[in-house]
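Heads up, the thing below is written out as structure tokens.
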Amino acid sequence: AGVSGAAAEPRRVRRLRRGSRRYPTVTRDTAPPEGGRRYADGDSPAPIRQWPLLSVIAVVVSGLLVMIVDFRIGLLTVGAAMLAGAALRVTVSAVGMLAVRSRYTDVLTYGGMGLAIVLLTLMAQPRPWLELPFLSDILRFSAGS
């Protein structure tokens, strides 16, 4: 009444081939982010292959250097670089290493950080260039004054 070894073998092989629907405990491969392809082929020099990332980094570094002289202009430059990174991520199909996550997440992250930097810079004391009453109330409440 027992099942012979030859008859049981095909069922076990079928079960192994089908695979499991559970997530693997060890990740074997990752999907590259959408738009993570190089802008140019591998024979091109690195600045040409990665121009979107290098342009954003160049503007951020220049903004940090300008902060030595005038912190508002420098921080506005850094915020503008983040917003430019979001715009590049939306418009350019192959942005190289500027693509970290999905396009939607990258644009939301770069744009949100850029907008926050610009708004907070415009509201910085003394003599803010922009006054938003509801944000001032939040700031005053959190600072305890």
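Only the coordinates and a few stated rules stand behind these numbers; no lab work does. These figures come from a predicted structure and were not determined experimentally. Ideal geometry is used to build each Cβ from the backbone, glycine not excepted, and the neighbour counts take in all protein chains shown.
Below is a table of values for the structure above.
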{"item": "Where labels lie 7 Å past Cα in the beta-carbon direction, separation of S102 and S62 in nm", "result": "3.4 nm"}
{"item": "Projected label distance in nm at D70 and L120, using a 7 Å step from Cα toward the beta-carbon", "result": "2.2 nm"}
